[in-house]
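Chemist: A single structure is presented below for examination.
Quick note: the coordinates plus some simple rules give every number you see, no bench work behind them. This structure is a prediction, so every number in the text was calculated from the model and none was measured. Cβ sites come from the backbone with ideal geometry, for glycine too, and all protein chains shown count toward neighbours.
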C-alpha cells in the first residue's frame, strides 16, 4: 500500500518535535547530574576560553622581567632582555624571538657583558618533545658577541652554576636550520696563555639536490699566529636524534694543521662522536694551544689515527705516522673531568732516528742533508753550533708539566744512531701533579745496557732533577772508536754510573747546579802498547812503535775515573789507568756551567827506559772540542809506583760496588789490589836526561 509523501511542513514539524524531546531529555539528565560536576565542567570550559583569549591578547613583553630573573638565578649572573619578547604558540612547532639579549660577566670578571645578541629566534617541535626528543626546526642568532675569559687559577666565565660540580660535555639538540649572522668571538685563556679574536658565521648553502648543509667558519689569531677554522656538516633538513650526523673540520693554527672527518652519534650531542683525524705541524708541543695536552717538543710531524669521544674520555687509536725521521704508532687515551687531564697509552717506533730525541731535552735535531727539522730548529742548531754549546738551555715549560698527568710507555724496536751501536730504547713515563718519573729508562746497545731512572719534580717554584743511570756490560771499543788497520786501539769491558741532583728549568741550568758522583770503570781489556807508552810520554819506546805503526798490545788491567760533582763542577777524586807497561793517574775539573774541562794525566812507567820524560798530558778547552797537550816545565824521574798504586787501593775497593756489584768479584781491578797488597811494586829511581818538552 502506497503512502503519501509528507509535506515539507510536516517534516519540519517532526524534526522540531524530536529536537524538543532531546532537549528535554538533556535537561532532565543535567538536573539529575550533581551540582559540583556541573560547576566543574562550567569552570573548565570558562578557563579554556579565558586562556585562549589571554594568549590572543597577551603582550609577552610583560614576561621579560620574570624570565630574566629566573635565568639570572640559574646562571649566577645578570641576564637582561632589552628588546621585544615575541612568542607564536599556535603551531605544532611554536616559535619564540628574543631581542636585545645580554648576559653579564660573573662578579669576579668585573663589569661588562659576557655575551650579547641582537636577536635570538628558536622554534621547537611539540610532538617529538612528547617522546623525550628535542628537535629545533630553526635556531637563528643575529650579531652575537661573546667574550670568554679564564684566569690562571682555572676559573672560567663559561662555567655556570656550581663551579665545584663535575663539568658535563657541551650538548645541543638536533637543529635543522642553524644560522649565525655576523658573530664575534674573543678568548683570553691565561691557563694556556692563549688569545683568540675572530668571527663566526654559519648558514646552509644550497647543494645540487636542493638541500642545505651546515657550515661554520672562523678566522682570527691564536697566540699571534693566523687561525682558520672550517666546520661543515651534512644536510640539516631531515636531521633526526636517532641517526648519526656526518661532520668534518679543517683547522689551521700557525704551522699546526688538523683535518677531521667523522660523525656525531646523536645530533648535536658532542659527548658522543668519532672519526679519522690527520695531524701535522712543526712541533707536537704546539698542540697544547688547541688540546690542552702537554706534549714534548719534536721535529716536524704528521700522524693519522681514529679519534673517538665517549663522554669525558677521548681515544686516539691505531694512529701511525712520522715524527722527524722516525716512525711512530700506537694507542692513546685522554680522560678529562678530573683535576687534570690524564694521558695513558703505549707508543711504538719500529725505527727511531736517535737525533729526533734531542728535541725532547730542548736541543734541535740534526739539520744536515736528509734530516727533518723545522725552520726554527735549523736556526737554533746554527746558533748553538756557533756558540760551541753542548748542553741545551731551552726553558722548561713548568706550567704545562703541572697541567696534566700521564702514564705512557714508549718502545723503539730498532735505532739509527751515528755513535755507539744503540739497538733499542724503552721508557716508561709517569707524570702526576707536576712530578715526572722516567722509570725505567733503558738504552740497549749491541753489547751492554744503559738503564736507570730520572725524576723531575716541577711541583715547586724551581724544578729539581734526580738522575741515576748505570752502564753495564758495555764494550769500550763501542764508545772509543780509535782504530788502526781496522782494529780498535783500545778494547775491553766498561761500566759506569752517574748519580746526580740538580735544580733549574733547563738541562744546562740543572747540570750547572748539580751535585753527586760520576764514575767510569774499565775492569779488564787490551790497549795498543804505543798508546799506553804515551801515557808516560816514553820518548824512546812509544815513538818507535808509532813510527812502525805497531799493533803490539798490552793488557789494560784496570781503569777507574771517579768524579765528585759539586755545584756543577766535576772534580777528579780517583783516576787510575793501569796497563801492562804504564800506571797513569789523573786530576782536574770539568765545569758544566762554562762547559770547559781542565784535566791532567801523569804516567809512571813500569819498566826502565833509556829516555823517559815524565811530563803530564793535559786536556783543556770546551767540551765540544778539547785540546790535548803536554804540560811543559815539569820533568820528573821515575819512582813511587808502588806508593802510587797503594794509595788508590781503598778508594777503588769502595768504587767498584757503587758502579756495579758484580765488579767487586770479577774485575781485574780486584786481582790488581790483591797483588799489590801481597807483593807491592818496588820504588824505582832512574836517571833521566834533562830535555825541553814542547807542545
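Chemist: Separation of region 409-454 and region 88-134 by C-alpha centroid, Å?
Modeler: First find each Cα centre; the distance between them is then 56 Å.
Chemist: Using the basic label-point model (7 angstrom from Cα toward the beta carbon), what is the residue 317 to residue 111 distance in nanometres?
Modeler: Once both label points are built, they end up 5.4 nm from each other.
Chemist: Rounded, prolate or oblate: pick one for region 108-158, where a ≥ b ≥ c are the square roots of the eigenvalues of its C-alpha gyration tensor, a/c under 1.5 means rounded, and failing that, prolate if a/b is larger than b/c, else oblate. Could the numbers behind the result be given before it?
Modeler: On the way: a/c = 4.49, a/b = 1.98, b/c = 2.27.
Oblate is the answer for region 108-158, as a/c is 1.5 or above yet b/c matches or exceeds a/b.
Chemist: Using a 10 Å cut-off around each Cβ, can you sort 518, 67 from fewest to most neighbouring Cβ atoms?
Modeler: Numbers: 518 18, 67 14.
Ranking 518, 67 by Cβ neighbours within 10 Å, fewest first, gives 67, 518.
Chemist: What does the highest-first list of 325-338, 215-228, 552-565 look like by mean Cβ count within 10 Å?
Modeler: Details: 325-338: 17.5, 215-228: 16.0, 552-565: 20.5.
Listed from highest to lowest mean packing, they are 552-565, 325-338, 215-228.
Chemist: What is the spin-label model distance, in nm, from residue 190 to residue 61 if the labels are put 7 Å beyond Cα along the C-beta direction?
Modeler: 4.2 nm
Chemist: Now for a separate question. For the peptides 276-285, 457-466, 619-628, what is the packing order when you average, over each peptide's residues, the other Cβ atoms within 10 Å and list the highest mean first? Show your work: numbers first, answer last.
Modeler: On the way: 276-285: 18.7, 457-466: 16.2, 619-628: 13.8.
Taking the mean over residues of other Cβ atoms within 10 Å, the ranking is 276-285, 457-466, 619-628.
Chemist: Roughly how many nanometres apart are two label points built 7 Å out from the Cα toward the Cβ at residue 201 and residue 159?
Modeler: That separation, rounded to one decimal, is 3.5 nm.
Chemist: Moving to a separate point now. By how many nm would the segment from residue 331 to residue 278 grow when fully extended, if each residue of separation counts as 0.36 nm and the alpha-carbon distance is taken off? Provide the component values of the computation, followed by the final result.
Modeler: Details: separation 53, 0.36 × 53 = 19.08 nm, distance 1.47 nm.
Residue separation times 0.36 nm, minus the Cα-Cα distance, leaves 17.6 nm.
Chemist: Fewest to most neighbouring Cβ within 10 Å: what's the order for 493, 172, 47? Please list the in-between numbers first.
Modeler: Values: 493 22, 172 14, 47 10.
Listing 493, 172, 47 from fewest to most nearby Cβ atoms yields 47, 172, 493.
Chemist: Got a sec? Which residues in region 286-310 would a label at residue 360 touch, if it sits 7 Å along Cα→Cβ and we count backbone N under 14 Å?
Modeler: The answer is 295-299.
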